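Note sheet for the following structure.
What follows is calculated from the coordinates using simple rules that are stated; it is not laboratory data. The structure presented is a predicted model; accordingly, all values stated were derived computationally and were not measured. For neighbour counting, all protein chains shown are included, and Cβ atoms are generated from backbone atoms with ideal geometry for every residue, glycine included.
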Amino acid sequence: MRFVVDDPARAKKAFDNEGLSYQETNIAQTKLSHRPGELARAASRLAEADINIDYAYCGVDPNTYTPLVILGVAEAGQAAAILDRTSVAA
């Protein structure tokens, strides 16, 4: 099971208090324009940089209702920078 949390220290404490094992990983997150092809465009930019997507979650930013994508990638920092540039260029 995977969790995306906004307070990793608090989540770790809760898991530790319950004796649960866990593994922390970094993710890349981006907001996409609400139009056809945006997810494909973002994934293509990552592919051009030889970054594989291991898993993805989609949702909506609760404050702006903007489409939100969370990607599990080995190169999270590099992927986030690419996705930021892709989002701005949209």
Could you please let me know if Asp6 is surrounded by fewer than 10 Cβ atoms within 10 Å (Cβ to Cβ), assigned to a loop (DSSP other than H, G, I, E, B) and on the phi < 0 side of the Ramachandran plot?
-> yes
What residue, among those in the stretch 56-73 that are part of a loop (DSSP other than H, G, I, E, B) and not aromatic (Phe, Trp, Tyr), is surrounded by the most Cβ atoms within 10 Å (Cβ to Cβ)?
-> Thr66
Count - residues of the stretch 45-90 that are under 15 Å from Ala28 (Cβ atoms) and among the hydroxyl-bearing types (Ser, Thr, Tyr) | 4
Considering residues of the stretch 80-90 that are surrounded by 11 or more Cβ atoms within 10 Å (Cβ to Cβ) and among the aliphatic types (A, V, I, L, M) only, the residue farthest from Val5 (Cα to Cα) | Ala90
For Ala40, which of the numbered conditions (1) touching a His at 6+ places or on another chain (Cβ under 7 Å); (2) more than 22 Å from Arg2 (Cα to Cα) fails to hold?
-> (1)
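Find the residue count for the stretch 48-79, including only residues that are aliphatic (A, V, I, L, M) and over 13 Å from Val4 (Cβ atoms).
Residues of the stretch 48-79 that are aliphatic (A, V, I, L, M), as a first pass: 49, 51, 53, 56, 60, 68-71, 73-74, 76, 79.
From what's left, over 13 Å from Val4 (Cβ atoms): 49, 51, 53, 60, 73-74, 79.
Residues meeting the conditions: 7.
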Single residue of the stretch 19-53 satisfying the filter (out of contact with any Ser or Thr (no Cβ under 9 Å at 6 or more places or on another chain) and part of a strand (DSSP E or B)) that is surrounded by the most Cβ atoms within 10 Å (Cβ to Cβ) = Ala28
